[in-house]
1. Evaluate the range 2-23: report whether one residue or more is at pLDDT 95 or above, loosely packed, with under 12 Cβ neighbours inside 10 Å and in a loop (DSSP other than H, G, I, E, B).
2. Output the residues belonging to the range 147-170 that are within 18 Å of the chain's Cα centre (by Cα), closer than 22 Å to residue 106 by Cβ and buried (at least 19 other Cβ atoms within 10 Å of the Cβ).
3. Could you tell me whether residue 53 is without any contact (Cβ under 8 Å) to a residue 40 or more places away in the chain and surrounded by 19 or more Cβ atoms within 10 Å (Cβ to Cβ)?
4. Just checking, does the range 209-216 include any residue being at pLDDT 55 or above, more than 19 Å from the chain's Cα centre (by Cα), under 22 Å from residue 111 (Cα atoms) and in a loop (DSSP other than H, G, I, E, B)?
5. In this structure, does residue 54 turn out to be outside any loop (DSSP other than H, G, I, E, B), at pLDDT 95 or above and over 20 Å from the mean Cα position of the chain (by Cα)?
6. Can you name the residue in the range 61-74 that is touching a helix residue (DSSP H, G or I) at 6+ places or on another chain (Cβ under 6 Å) and surrounded by fewer than 14 Cβ atoms within 10 Å (Cβ to Cβ) and is also nearest to residue 7 (Cα to Cα) among such residues?
7. Can you name the number of the only condition in (1) part of a loop (DSSP other than H, G, I, E, B); (2) within 26 Å of residue 111 (Cβ to Cβ) that residue 69 fails?
């Protein structure tokens with residue numbers, strides 16, 4: 001996981017009010033200030049100020065891409081800072097670890113995984129610092145780990161032939177939704193065999209009375 005994101009959520013968990021009050025120091029954030037804060041972020045020594053700066057950059061970046069995105073200040077508002085101050089995460093623990101290590105530490109847990117999209121190298125610039133977390137992600141290793149993991153897991157990916165080949169044999173659903181702005185979103189949901197049985201996506205699951213409601217294997221959610 002991306003360390004600046006980990007620190008941000010850790011500090012919010014400790015004292016959301018302190019993070020929010022520090023975030024107010026960056027408001028309003030214009031285009032020049034945004035790019036300057038992107039450059040200076042890693043020289044900030046204080047973890048609370050780092051968390052507030054990350055929040056400001058994230059909310060001011062196009063599509064929330066933070067260090068990989070351009071400026072779009074529409075979401076960094078006083079109301080977003082007020083909401084941050086009221087955020088409570090008593091049951092949330094945020095750690096930073098390799099996915100194989102994290103999964104091995106929680107062998108019986110339901111695992112939801114949302115890895116970087118599997119894209120061509122020229123387009124792999126969405127996550128991390130100008131795409132470094134995206135380009136370096138080991139998609140093949142994740143598939144190997146999940147194939148050998150028993151129990152319940154759910155994976156969301158971009159719907160691409162390469163992804164479908166990696167997880168051939170698992171139940172899949174092409175999901176789409178509409179954002180409040182009218183923008184469409186789409187991903188591929190991949191189910192572990194045990195989860196597919198539990199929700200009735202397989203003959204075994206249906207035999208035990210489970211049900212999976214879908215229309216042409218295409219879920220539609222309006223948010």
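1. No: zero hits.
2. Across the range 147-170, the qualifying residues are 153, 155, 157.
3. Values: without any contact (Cβ under 8 Å) to a residue 40 or more places away in the chain: yes; surrounded by 19 or more Cβ atoms within 10 Å (Cβ to Cβ): yes.
So residue 53 fits the description; yes.
4. Residues of the range 209-216 that are at pLDDT 55 or above, as a first pass: none.
No; the residues of the range 209-216 include none that is at pLDDT 55 or above, more than 19 Å from the chain's Cα centre (by Cα), under 22 Å from residue 111 (Cα atoms) and in a loop (DSSP other than H, G, I, E, B).
5. Working: outside any loop (DSSP other than H, G, I, E, B): yes; at pLDDT 95 or above: yes; over 20 Å from the mean Cα position of the chain (by Cα): no.
No, not satisfied.
6. 64
7. Checking residue 69 against (1) part of a loop (DSSP other than H, G, I, E, B); (2) within 26 Å of residue 111 (Cβ to Cβ), the one that fails is (2).
The values are calculated or read from the model by the stated rules, or taken from the named source; none is laboratory data. Quantities reported herein were computed from a predicted structural model and do not represent experimental measurements. Here Cβ is always computed from backbone atoms with ideal geometry, including for glycine, and neighbour counts include all displayed protein chains.
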